[in-house]
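Trainee: Take this structure first; my questions come after.
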2 protein chains.
Amino acid sequence: MDEARHGLPVTVPSTALFTDQYELTMVQAALRAGTAQRRSVFEVFARRLPSGRRYGVVAGTGRVLDAVENFRFEPGLLAFLERSNVVDRPTLDWLADFRFRGNVRGYPEGEVYFPGSPVLTVEGSFAECVLLETVILSILNHDSAVAAAASRMSVAAAGRPLIEMGARRTHELAAVAAARAAYVGGFSSTSDLAAGFRYGIPTVGTSAHAFTLLHDSERDAFTAQVESLGTGTTLLVDTYDVTEAVRTAVEVAGPKLGAVRIDSGDLLVVAHRVRRQLDELGARDTRIVVTSDLDEYAIASLAAAPVDAYGVGTRLVTGSGHPTCSMVYKLVARAAGEDPRAPLVPVAKKSLGGKLSVGGEKWAARPLDEYGVAEAEVVGTGRIPEELARRRLGVELMRDGRAVARESLDAARERHVRARGLLPLSATQLSPGEPVLPTRYAGAAAA
Amino acid sequence: MDEARHGLPVTVPSTALFTDQYELTMVQAALRAGTAQRRSVFEVFARRLPSGRRYGVVAGTGRVLDAVENFRFEPGLLAFLERSNVVDRPTLDWLADFRFRGNVRGYPEGEVYFPGSPVLTVEGSFAECVLLETVILSILNHDSAVAAAASRMSVAAAGRPLIEMGARRTHELAAVAAARAAYVGGFSSTSDLAAGFRYGIPTVGTSAHAFTLLHDSERDAFTAQVESLGTGTTLLVDTYDVTEAVRTAVEVAGPKLGAVRIDSGDLLVVAHRVRRQLDELGARDTRIVVTSDLDEYAIASLAAAPVDAYGVGTRLVTGSGHPTCSMVYKLVARAAGEDPRAPLVPVAKKSLGGKLSVGGEKWAARPLDEYGVAEAEVVGTGRIPEELARRRLGVELMRDGRAVARESLDAARERHVRARGLLPLSATQLSPGEPVLPTRYAGAAAA
């Protein structure tokens, strides 16, 4: 997409400073110790799902590929690192030439995940892999949290369109990523123009109370909006009295009025009343859009209401109670020495305080039962058993530092629906519960 | 600061697309109706604090000034809007020339706020003010949420330094703003290099488990780190056995070892044990840094532990349970007609579903009682009474579209400590409660 190259307003020239300082100082120490080039395997996984959630949703993978490809230290960044005494001269020289040349495998975007799922595997030298920790986790933890909330809301909406409207409730650039993740999770459009610009997500808009209040009467405001935007527009009908507003709206726009938006009150009651009134006025095709602090539960509670679309803000972009995932980036294997042919040895932190860490590079598969329903998340090390290889989850994402699996957001969005559809039915219950699939460790990982 | 001009990696060339589509279509409709130039006053306020919180913290004001000054529609953005049929030709022409030329007043950064506090007041034509809604709210809602959490944590830390380490738990650019807001709220440093680069916040780093696991032994890892980074470095001592690691650390670095970090286990117990061991080994000046899912409650529970610094991640950048504020941007007054000398009339949406909206441009003051303690947040319309004028809270931030109140982050950080210090003592209780000051409406606003 051409716009991405403009760098406006979302792309940033380099992602190399989205990095915690210790990554650079570890590189410095490893360069000096001669261990920086040891072949290493890092793995992204979550030890648990957010409390009560039945599945997680992988999102942000496409953004990770962009971030890793753009991870370069330009002169301005190097000057900052030098001036701040973050690292020494040999390290600065090494960073100046840096680009990631390793391999990345992982769950494709939109796939679901469970505790222990090897969501992303990064392989290369220790130094090149350790540098990517923060930026990879930032993206996956944020985007997957929003996508998981979006997925639950899209289940609750049962086919009715969902509009992402949360930009004002989160950081202005997080908002753009949130709109993207929401689309992967099942939303159909966004109010955020930057998300339309950067990712081609369909953008929509209605009107604010300010527009009505600006005018000398609600009728003036509706007239202004319809004359400029056409009868297909969406009129906001709850600035003063809803019944009065609906009557005025149909008088001004005629029965072909596109939609009305309700943003306050008991939406269930008001939606029924407005539908009845619209029908009586002959505006049978005028749709009803509801907004106002919706989450998946509120959406579900409106299932029987005559609502045509939901606009969701705060609760979506804050992950509906879980604004981040707890994915971590852990070294799971590294070469026994500096020789590039040295064998990989599995490594893991000693478990303390209940933190589960399983060493070794993992594969994962999700076998189906006789009814075609997923029965477990099987995670193993070593060679994947033949009967599981067909249900393997990871795909190649980058080879020698180049992305090999770019895809459209629609592909990720469709994958999510398919993956969720293979889970046991209880996956889509909104009530809190255990992960809908058990994670089973196979091979050496089971030890 | 020179770095800000590089635009790397945080500054974006334009903030004009951090905008919800309806803002542009409202401008289009108002341009056509001839109402776009009506003088208008918009106000940012929160109807409530996050549940249980006793005060809010204004943060992001400095970023708002940057965002408003850079709010321009470059040709690439206009081409996108045209191609997507978001607005018509006259509106595109208007946008091409757009820059904000109005006035902004508000609470200075670091100030505390309460329900109804007029945190920011934006005055200009309807069209120029309505365009800024989303970007202003994004910044204030995000940054203030993080600053509020930071403030509570800094109270709990009672003078011990707090390190911001949350980049990996939030969107990569939200992380930079979060580090900034955390600094305003009382944190002293960050692990996020982008925040050091962009805002000059001191950056720090320790080491990760991966560094220890990379090496053939913990001793090799510690030796590599100390040889490269000096004895003042911070060694991570919980990869295998803490007691063993502390012994090795002091053997390798000597008693001048800077610090050890503990990232798991019962921090209270482990910190005591490590302190005793360090002292026995003669490393009396070696500090203890603790990390691992800390929040204000965990920090408070470590008050009696021999801890020298806290590293906080997830709970800080997600606002410790409240990742966003509920600030809104409402039209509160507008001219009675197109004449630039037309008087302003107060406007407000009809209250429905308990949403409080008070029309008219507000002032706010925080009078002190006889002991010098703040006694109320007084919010009024019309002329401010003389006895309150000395305790007025708002300041001029932009005049005719130009920022007039830029200041250092340190100034905001110091202001926050002062403002919090004037609140009743119960402000800093961590337990849930009511806002520590009542909001009183005065003048016409009380009607």
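Quick note: the coordinates plus some simple rules give every number you see, no bench work behind them. The structure presented is a predicted model; accordingly, all values stated were derived computationally and were not measured. Quick reminder, even Gly has a Cβ in these numbers, built from the backbone with ideal geometry, and neighbours come from all protein chains shown.
Trainee: Using a ≥ b ≥ c from the Cα gyration tensor of the stretch B:147-321 (square roots of the eigenvalues), is it rounded, prolate or oblate, where a/c under 1.5 gives rounded and otherwise the larger of a/b and b/c decides, a/b for prolate? Kindly include the intermediate steps, with their values, before the conclusion.
Mentor: Numbers: a/c = 2.02, a/b = 1.48, b/c = 1.36.
Verdict is prolate for the stretch B:147-321.
Trainee: Also: Between A:E414 and B:D339, how high is the FRET efficiency from 1/(1 + (r/R0)^6) when r is the Cβ-Cβ distance and R₀ = 45 Å? Nearest 0.05.
Mentor: Calculated value: 0.20.
Trainee: Please work out the C-alpha center-to-center distance from the stretch A:287-330 to the stretch B:26-93 and express it in whole Å.
Mentor: With the stretch A:287-330 and the stretch B:26-93 each reduced to a Cα centre, they are spaced 24 Å.
Trainee: Moving on. Do any chymotrypsin sites (Phe, Trp or Tyr not before Pro) in the stretch B:344-447 lie in a loop, going by DSSP, with at most 14 other beta-carbon atoms within 10 Å of their beta carbon, and if so which? Please report the intermediate quantities before stating the final value.
Mentor: Details: sites: B:W363, B:Y371, B:Y441; in loops: B:Y371.
Hits after loop and neighbour filter: B:Y371.
Trainee: Would you grab the residues whose amide H sits under 5 Å from the one on A:L397? Only those 5+ places off in sequence or on another chain, please, with H modelled 1.01 Å from N.
Mentor: Under 5 Å from the amide H of A:L397 lie the amide H atoms of A:V104, A:R105, A:G106, each far enough along the sequence or on another chain.
Trainee: If I build a Gaussian network model for chain A, linking alpha-carbon pairs within less than 10 angstrom, which residue out of A:R47, A:R63, A:R168 has the largest mean-square fluctuation?
Mentor: A:R168
Trainee: Restricting attention to the stretch B:69-166, which trypsin sites (Lys or Arg not before Pro) occupy a DSSP loop and are surrounded by at most 15 other Cβ atoms within 10 Å?
Mentor: Working: sites: B:R72, B:R83, B:R99, B:R101, B:R105, B:R152; in loops: B:R72, B:R99, B:R101.
Counting only loop positions with at most 15 other Cβ atoms within 10 Å, the trypsin sites (Lys or Arg not before Pro) in the stretch B:69-166 are B:R99, B:R101.
Trainee: Quick one: net charge around A:R152, please, counting Lys, Arg +1 and Asp, Glu -1 for every other residue with C-beta under 12 Å from its C-beta. Walk me through the intermediate numbers first.
Mentor: Values: positive: A:R53, A:R54, A:R315, A:R420; negative: A:D295, A:E296.
Charge balance near A:R152 sits at +2.
Trainee: Further, regarding this structure: Mind checking which of A:L393, A:Q28, A:V379 is farthest towards the positive end of chain A's charge dipole, using Cβ charges of +1 (Lys, Arg) and -1 (Asp, Glu) about the Cα centre?
Mentor: A:V379
Trainee: Let me ask you something else. Between B:D279 and A:R383, what FRET efficiency comes out of the Förster formula 1/(1 + (r/R0)^6) with R0 = 41 Å and r the beta carbon distance, rounded to 0.05?
Mentor: On the way: r = 51 Å, r/R0 = 1.25.
Given R0 = 41 Å and the Cβ-Cβ separation, E is 0.20.
Trainee: Let a ≥ b ≥ c be the square roots of the eigenvalues of the Cα gyration tensor of the stretch B:62-104; is it rounded (a/c under 1.5), or, if not, prolate (a/b larger than b/c) or oblate? Intermediate results must be reported in sequence, preceding the final value.
Mentor: Numbers: a/c = 3.05, a/b = 2.01, b/c = 1.52.
Taking the square roots of the gyration eigenvalues as a ≥ b ≥ c, the stretch B:62-104 is prolate.
Trainee: Using just the helices of chain A, give the 222 nm mean residue ellipticity in deg cm²/dmol: DSSP H runs with n ≥ 4 each add -39,500 (n - 2.57), and the total is spread over all residues, rounded to 500. Mind showing how you got there, number by number?
Mentor: Working: 17 runs with 164 residues, N = 447.
For chain A, the value works out to -10500 deg cm²/dmol.
Trainee: Below 8 Å, C-alpha to C-alpha, sequence gap of six or more: please give me the relative contact order for the stretch A:83-150 in percent.
Mentor: Contact order relative to length: 27 percent.
Trainee: To continue, here is another question. If you plug each phi of the stretch B:178-190 into the Karplus form 6.51 cos²θ - 1.76 cosθ + 1.60 with θ = phi - 60°, what whole-Hz ³J(HN,Hα) values come out, in order, with x for Gly and Pro?
Mentor: 5, 4, 5, 5, 4, 5, 4, x, x, 5, 10, 7, 9
Trainee: Once the Cα gyration tensor of the protein assembly as shown is found, what semi-axes does its equivalent ellipsoid get, as square roots of 5 times the eigenvalues, in whole Å, sorted largest first? Could the numbers behind the result be given before it?
Mentor: Details: eigenvalues 432, 219, 119 Å².
They are 46, 33, 24 Å, listed largest first.
Trainee: For the stretch A:87-100, what does the Karplus curve 6.51 cos²θ - 1.76 cosθ + 1.60, with θ = phi - 60°, yield as ³J(HN,Hα) per residue in whole Hz, taken in order and with x for Gly and Pro?
Mentor: With the stated coefficients, the stretch A:87-100 comes to 9, 8, 4, x, 5, 4, 5, 5, 5, 4, 8, 5, 8, 6 Hz.
Trainee: Further question: For A:R390 and A:L425, what is the calculated FRET efficiency with R₀ set at 35 Å and r taken between the beta-carbons, to the nearest 0.05? Don't skip to the answer; put the middle values down first.
Mentor: Values: r = 23 Å, r/R0 = 0.67.
So, using R0 = 35 Å, E works out to roughly 0.90.
Trainee: For the Cα atoms of chain A, what angle does the longest principal axis make with the long axis of helix A:267-280, in degrees from 0 to 90, nearest 10?
Mentor: Rounded to the nearest ten degrees, it is 50.
Trainee: Something else now. Measure off 7 Å from each Cα along the Cα-to-Cβ vector at A:V269 and A:L368, then give the distance between these two points in nanometres to one decimal.
Mentor: My value for the distance between the label points is 4.8 nm.
Trainee: Now for a different question. Counting partner chain Cβ atoms within 10 Å of every residue's Cβ in A:221-227, what's the average? Walk me through the intermediate numbers first.
Mentor: On the way: counts 5, 1, 2, 10, 7, 1, 3.
Mean shielding count: 4.
Trainee: Residues of the stretch B:39-68 with the amide nitrogen closer than 20 Å to a label point 7 Å from the Cα of A:D216, along Cα-to-Cβ, please.
Mentor: B:39-41
Trainee: Let me ask something else. Please label the shape of the stretch A:115-180 as rounded, prolate or oblate, based on the square roots a ≥ b ≥ c of the eigenvalues of the alpha-carbon gyration tensor (a/c under 1.5 means rounded; beyond that, a/b larger than b/c means prolate, else oblate).
Mentor: On the way: a/c = 4.13, a/b = 1.84, b/c = 2.24.
It is oblate, given that a/c is not under 1.5 and a/b is not larger than b/c.
Trainee: A further question follows. Going by amide H atoms built from the backbone, whose H comes under 5 Å of the H on B:A442, apart from near neighbours?
Mentor: HN-HN under 5 Å from B:A442: B:V379, B:G380, B:T381.
Trainee: Are there trypsin sites (Lys or Arg not before Pro) in the stretch B:223-309 that DSSP marks as loop and that have at most 12 other Cβ atoms within 10 Å, and which are they?
Mentor: Working: sites: B:R247, B:K256, B:R261, B:R273, B:R275, B:R276, B:R284, B:R287; in loops: B:K256, B:R284.
Sparse-neighbourhood loop trypsin sites (Lys or Arg not before Pro): B:R284.
Trainee: Suppose a student asked you for the relative contact order of chain B, using Cα pairs under 8 Å spaced at least 6 residues apart; what percent would you report? Before the final figure, lay out each step's value.
Mentor: On the way: 924 pairs, mean separation 102.6, N = 447.
The normalised contact order for chain B reaches 23 percent.
Trainee: Here is a follow-up. Taking Cα centroids, how far is the stretch A:197-257 from the stretch A:135-184 in Å?
Mentor: 27 Å
Trainee: Whole-Hz ³J(HN,Hα) for each residue in the stretch B:18-27, computed from phi via Karplus 6.51 cos²θ - 1.76 cosθ + 1.60 with θ = phi - 60°, x for glycine and proline: what do you get?
Mentor: 7, 9, 7, 3, 5, 5, 6, 6, 5, 4
Trainee: Can you list residues whose amide H is under 5 Å from B:L294's amide H, if they're 5+ apart or on another chain and H is modeled 1.01 Å from N?
Mentor: B:G313
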